[in-house]
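Please read the structure below before turning to the comments.
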Amino acid sequence: MNAAAFPARTAAIVPAAGRGERLGPGAPKALRSIGEIPILVHAVRSLTGCGRVGLVVVAAPPDGVEGVAALLAPFGTKVHVVAGGETRQQSVSRALDAIPEDVDIVLVHDAARALTPPGLVAAVADAVAAGHDAVIPVLPVADTIKSVDADDTVTATVDRSTLRAVQTPQGFRRSLLVKAHTAAGAPTNESAAATDDAGLVEQLGAPVRVIAGHPEAFKVTTPFDLILAEAVWARRQGTGGPQNGGIEAPRGRGTTDD
Ligand code: CTP
Ligand code: MG
């Protein structure tokens, strides 16, 4: 489906107000750079470049709204900046309040997933437009997963064949996302808040559809992830190793058999 044939008004929310504590000392994570381009600018480009998104609302660190607005000024009226909250859930909720009434589909995309291919954004938006009111991109889990107790003793090996690692953008019919956030409130403590928006939809009992994610939609969380992101970006620019335009997405059903 091309952009001209895309009927619904679609907007994106970018939670970018986190401090990036696991990344270590420095600027807020969204303002750190990959290939000398801020993580937040990479993420906004993925969204505006997919041919589906008419407006991006960014939740910025509350003490950095003006700086973020200046950084994103080249995008013009397609990008709007609001102050984020104390938790990711609160940041998304505040940005959701700023989405215009006529928007029908809302994508929520972590700034920290800077190098997400625009094609994945389009696939999520198209799956919502096709009638799935909540859509998330997922990847199979490659590692063996075990549960442990408080004494660091293994209690079980979990059957990973039914597990998936979840990415963003997550796409929603706007009315469902608003209902989910309204029902959940806006916890100020990250340990009481949801780590993704589909989790809030699940709490309503509504179905959440999965589609195939993409390895390059990984979240920059630790210093190692930043090294990986630099390598992926250099490869895309043709300055770092084999130049075939990016990493292949996994094929098939996305299960792990080894
Ligand atoms: N986020 C946000 N508002 C918060 C906390 C997080 O908008 N109060 C955003 C982050 O900026 C990030 C996304 O939510 O784009 C995913 O969160 P995470 O990877 O945990 O980022 P940080 O919270 O910044 O990192 P850390 O938990 O290591 O401090
Ligand atoms: Mg966090």
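The values are calculated or read from the model by the stated rules, or taken from the named source; none is laboratory data. A quick note: this is a predicted structure, and the numbers were derived from the prediction, not measured. In this analysis, Cβ positions are derived from the backbone assuming ideal geometry, glycine residues included, and neighbour counts consider all displayed protein chains.
Residues in the stretch 5-59 that are within 15 Å of ligand 2 (Cβ to nearest atom) and part of a strand (DSSP E or B) were compared, and the one that is nearest to Ala125 (Cα to Cα) is Val14.
Being small (Gly, Ala, Ser) and over 16 Å from the mean Cα position of the chain (by Cα) is the filter here; which residues of the stretch 87-126 pass it?
Restricting attention to the stretch 87-126, the residues satisfying the condition of being small (Gly, Ala, Ser) are 91, 93, 95, 98, 111-112, 114, 119, 122-123, 125.
Matches in the stretch 87-126: Ala98 only.
Residues in the stretch 184-213 that are surrounded by fewer than 17 Cβ atoms within 10 Å (Cβ to Cβ), of a type in the set (A, V, I, L, M) and over 23 Å from Ala127 (Cβ atoms): Ala186, Ala192.
Among Val68, Val106, Val82, which is in contact (Cβ under 8 Å) with a residue 40 or more places away in the chain, part of a strand (DSSP E or B), more than 15 Å from ligand 2 (Cβ to nearest atom) and buried (at least 21 other Cβ atoms within 10 Å of the Cβ)?
On the way: Val68 fails: part of a strand (DSSP E or B); Val82 fails: in contact (Cβ under 8 Å) with a residue 40 or more places away in the chain.
Within the list Val68, Val106, Val82, the selection yields Val106.
Taken together, the residues in the stretch 170-189 that are within 13 Å of Val108 (Cα to Cα) and at pLDDT below 95 amount to 0.
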